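The values are calculated or read from the model by the stated rules, or taken from the named source; none is laboratory data. None of these values were measured; they are calculated from a predicted model. Here the Cβ is made from the backbone with ideal geometry for all residues, glycine too, and neighbour counts use every protein chain on show.
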Amino acid sequence: MEAIETMRHSAAHVMAAAVCKLFDGVKLDIGPATDEGFYYDFDLDHRISPEDFPKIEEEMRALIKADAPFVRQEVSREEAAKVFANQPYKLERLADIPEGDTVSLYTCGDFTDLCRGPHVASTGCVGAVKIMSVAGSYYRGDEKNKMLQRLYGIVARTQEELDSRLAMIEEAKKRDHRKLGRELDLFSISDDVGPGLAHWHPKGARVRIAIEDYWRKEHFKNGYEMVFTPHVGRAHLWETSGHLGFYRDGMFPCMNVAEGEGEHQTIEQYYVKPMNCPFHIQVYNTRRYSYRDLPARFAELGTVYRYEKDGVRHGLFRVRGFTQDDAHIFCTPEQIEDEIRFTVNFCLKILRRFGFTDVSAYLSTRPEKAVGLPERWEQATRSLENALKAEGLSYEVDEGGGAFYGPKIDMKIKDALGRPWQLGTVQFDFNLPERFNLTYVGEDGREHQPYMVHRALLGSLERFFGILIEHYAGAFPVWLAPEQVRILPITSRQIDYANKIKAQLMDEDVRVEVDAENEKLGAKIRQAQLKKVPFMLVVGGRDEEAGNVSVRSREKGDLGAMPLDDFVKLFKEALKA
C-alpha cells in the first residue's frame with residue numbers, strides 16, 4: 001500500500017511539472033496522494049478544462065519517458081524561501097514547518113517542490129497516468145480564502161492496469177446511486193427543504209420497508225426489544241452525555257423554547273439529537289435491574305441529525321438527517337465476551353442476507369487519552385478480539401484507534417466492484433455508564449456498573465440504501481425489489497384478467513403492478529427492463545383462456561407459459577435465493 005501511495009504522490013509532482021511547463025504564472029499549493037489517486041492545487045489565470053487534459057497528459061508522459069530522477073535536497077529555511085520567492089502558497093506552507101524540523105525539496109527535471117517525500121526513484125517509475133477531473137477548492141479548505149483549481153488524476157503500474165481501473169470507474173458511474181435514484185424514482189434531495197435531507201419516494205420506501213421488516217423480525221428473534229425515542233432533548237441531557245463538549249460542531253444549533261407560564265416561565269434550550277444513546281440510557285434508568293435481567297438489548301431505527309458542512313455531503317452517503325439501525329446493550333462483565341461474539345455473528349448474518357459475503361474487520365484499541373481503568377480496556381479489547389477469532393473473521397488491528405471511551409470493531413464489506421465500505425460497528429463505552437450513573441444489582445446484592453455496548457449493523461439506512469443501489473446496479477434481489485412483478489396485458493381486452501391476477505398476487509404479499517398503457521408489448525417489456533423489475537407476466541388471449549401467465553425473468557429471460565400457482569411457487573423460491 002505504501003508503494004502505490006508513493007507512486008501517486010510522485011505522479012502529482014509530475015502533473016504539477018507539466019502544468020507549469022504549459023501555462024504561465026502558475027502558483028503552486030499542495031499535491032498529495034489520496035485513497036483513489038492524487039491531486040494538485042493550482043492558482044493560475046488560465047481556467048483548466050477537460051479540453052486541456054490531453055496535452056497535460058502528453059507532457060506528463062514525456063517526463064515519465066525521460067526517467068528523470070527524484071532528487072531530495074535538505075536546505076535551510078532561508079534557502080527554501082529563495083527558491084519559492086514567487087510562490088506565496090509555498091512560503092506559507094514553509095512557515096507551517098515547525099522550528100527544528102527538516103526542510104526538504106524534491107526535484108524532477110526542471111520542477112522543484114517543497115515536500116517531505118518519499119518519492120519513487122525516478123519519473124520512469126510512475127507508470128500510466130490519467131487526469132480525471134478539475135474542481136474548485138478553497139486554499140486550506142477555508143471559504144474565506146481564494147478558490148484554487150484542483151486537478152485530480154489516477155495512476156497505475158501499467159497501461160493494462162490503468163485501462164482496467166478506468167473500466168471500473170465507468171461501471172461505477174453507471175451504478176452511481178444518485179443517477180439510478182433519479183432513473184428508478186427511488187429518492188430525491190430538495191434544495192427547498194434543505195441540503196442533505198433525503199425524501200424517500202414510494203418505490204424507495206418499498207425497499208426501505210422490506211429492509212426494516214427483515215431487520216425488526218431478526219432483532220426480535222435474537223432477543224432485542226424495540227424502543228422509540230424523541231427527536232429532541234434538553235441541553236442538560238447533551239451536557240451530561242458529553243456531546244456538547246465533544247461533538248457540538250456536528251450538532252445543529254439549539255432551539256430556545258419557552259416553558260411554563262407567567263412568572264414561572266423559563267427559556268429552555270433543546271437540541272435535535274445527533275445520536276440515540278442518551279435516550280436509550282433514559283429507558284434503562286426507568287427501572288432497577290438485577291444481574292438476572294441482563295443483558296438488556298434496546299434497538300431502534302432512530303432518526304438523527306448532524307450538521308454536515310458543504311463539501312462533505314454526498315448523495316445518500318453523507319446527509320444531515322438519517323436513520324441509524326441503532327442498538328445499545330447493557331450487560332455484566334461476565335457476559336461481555338459471549339455478548340460480543342453473539343453480536344458479531346448476528347452482524348455477519350444480517351450483512352450476508354443483503355448479499356455481502358466479503359466481510360472483514362478493524363479492531364481499534366486504547367488511545368493515549370482514554371477513560372476507564374486499563375484492566376477494563378484489556379478485558380474489553382480481548383473480548384472483541386476473541387469474538388473475531390471465534391467467527392473466523394479476518395481483521396487488522398488499529399493500535400490506538402479506539403474512541404476515548406472504549407475499543408471497537410468496525411465491520412467492512414466489499415461491494416460488487418470490490419470497493420470497501422464500513423458498515424457495522426461494535427463499540428464499548430466506559431464513559432456514559434459513569435456519566436449517567438448506570439447500575440444493576442449483582443449476585444452479592446450490591447450495585448455495580450454495567451458494561452455498555454453501542455452497536456450498529458447497517459450504519460444508516462440512507463447510506464446503506466445508497467450502497468445497495470450501487471452494489472446491485474439498481475437490480476435488487478427479488479425480496480428487496482420495490483416492484484417484484486409487472487403484468488403486461490397484450491391488448492386492452494386482457495386488462496381485467498391482468499387486474500384479477502394482480503389481486504391474487506397481492507394476497508400472496510407480492511409487490512405487483514399492471515402496465516395498462518396503450519403500447520406495443522415490446523415497448524412494455526423494454527420499460528419493465530429499464531425499471532429492473534425481476535418478473536414480467538405477459539398475458540394474451542390464449543393465456544386468459546388457459547388460465548396461464550407467460551413468465552419472463554430479468555435474469556433468465558423467457559420461462560414460458562404456466563399456471564399462476566406454478567409461478568407463485570417459482571416466485572417464492574426466488575425470494576429465498
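Odds and ends about this structure:
- Some residue of the stretch 81-98 being in contact (Cβ under 8 Å) with a residue 24 or more places away in the chain and among the small types (Gly, Ala, Ser): no
- When the stretch 342-388 is limited to residues that are in a helix (DSSP H, G or I) and among the acidic types (Asp, Glu), the one that is surrounded by the fewest Cβ atoms within 10 Å (Cβ to Cβ) turns out to be Glu375.
- Strands (runs of 3 or more DSSP E) fully within the stretch 184-259 counting 1 or more residues that are in contact (Cβ under 8 Å) with a residue 40 or more places away in the chain and closer than 30 Å to Glu483 by Cβ: 187-189, 198-200
Every residue, every condition in (1) among the acidic types (Asp, Glu); (2) buried (at least 19 other Cβ atoms within 10 Å of the Cβ); (3) in the same structural domain as Leu351 (by TED's automatic domain parsing); (4) modelled with pLDDT of 95 or more, yes or no:
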| site | (1), (2), (3), (4) |
| --- | --- |
| Ser492 | no, no, no, no |
| Asp496 | yes, no, no, yes |
| Leu505 | no, yes, no, yes |
| Glu517 | yes, no, no, no |
| Lys524 | no, yes, no, yes |
| Leu530 | no, no, no, yes |
| Val538 | no, yes, no, yes |
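- Residue in the stretch 314-322 that is assigned by TED's automatic domain parsing to the domain that holds His280, among the aliphatic types (A, V, I, L, M), buried (at least 20 other Cβ atoms within 10 Å of the Cβ) and within 15 Å of Met452 (Cβ to Cβ) present: no
- When Gly109 is tested against (1) among the small types (Gly, Ala, Ser); (2) touching a strand residue (DSSP E or B) at 6+ places or on another chain (Cβ under 7 Å); (3) surrounded by 15 or more Cβ atoms within 10 Å (Cβ to Cβ), exactly one condition is not met: (2).
- Count of the stretch 201-233 residues which are among the polar types (S, T, N, Q) and farther than 22 Å from Lys349 by Cβ: 1
- Members of the stretch 45-60 that are surrounded by fewer than 16 Cβ atoms within 10 Å (Cβ to Cβ) and more than 34 Å from the chain's Cα centre (by Cα): Asp45, His46, Lys55, Glu58
- Condition broken by Glu268, with the remaining ones in (1) assigned to a strand (DSSP E or B); (2) of a type in the set (Asp, Glu); (3) more than 30 Å from Gly442 (Cα to Cα); (4) within 29 Å of the chain's Cα centre (by Cα) satisfied: (4)
- Unmet requirement for Asp338, which otherwise passes all of (1) surrounded by 18 or more Cβ atoms within 10 Å (Cβ to Cβ); (2) over 30 Å from Gly136 (Cα atoms): (1)
- Count of the stretch 188-212 residues, restricted to those that are within 18 Å of Arg318 (Cα to Cα) and either outside the structural domain of Leu351 (by TED's automatic domain parsing) or not aromatic (Phe, Trp, Tyr) (or both), is 13.
- Picking from residues in the stretch 182-206 that are in contact with a Phe, Trp or Tyr (Cβ under 8 Å, 6 or more places away or on another chain) and over 15 Å from Glu513 (Cβ atoms), the one that is surrounded by the fewest Cβ atoms within 10 Å (Cβ to Cβ) is His199.
- Among the strands (runs of 3 or more DSSP E) confined to the stretch 12-124, the ones with at least 1 residues that are closer than 23 Å to Arg150 by Cβ are located at 38-43, 103-108, 111-114.
- Residue satisfying all of: in the stretch 328-361; under 17 Å from Phe428 (Cα atoms) and among the hydroxyl-bearing types (Ser, Thr, Tyr); farthest from the chain's Cα centre (by Cα) among these: Thr332
- For the stretch 35-44, the count of residues that are modelled with pLDDT of 95 or more and over 25 Å from Ser122 (Cα atoms) is nonzero.
- Failed criterion for Glu161 (all others in (1) under 21 Å from Gly466 (Cβ atoms); (2) not assigned by TED's automatic domain parsing to the domain that holds Thr303 hold): (1)
- Of residues in the stretch 395-431 being among the small types (Gly, Ala, Ser) and closer than 17 Å to Arg353 by Cα, the one surrounded by the fewest Cβ atoms within 10 Å (Cβ to Cβ): Ala416
- Listed by position, the strands (runs of 3 or more DSSP E) enclosed by the stretch 405-501 that each have at least 2 residues that are within 30 Å of Lys349 (Cα to Cα) are 408-414, 420-429, 451-460.
- Residue match in the stretch 144-155 (condition: in contact with a strand residue (DSSP E or B) (Cβ under 7 Å, 6 or more places away or on another chain), free of Cβ contacts under 8 Å to residues at least 60 places away in the same chain and of a type in the set (A, V, I, L, M, F, W, C)): yes
- Within the stretch 554-577, residues that are without any contact (Cβ under 8 Å) to a residue 60 or more places away in the chain and within 21 Å of Ala528 (Cβ to Cβ) reach partners that are surrounded by fewer than 16 Cβ atoms within 10 Å (Cβ to Cβ) and hydroxyl-bearing (Ser, Thr, Tyr) with beta carbons closer than 8 Å, at six or more positions or on different chains, in the pairs Leu559/Ser553.
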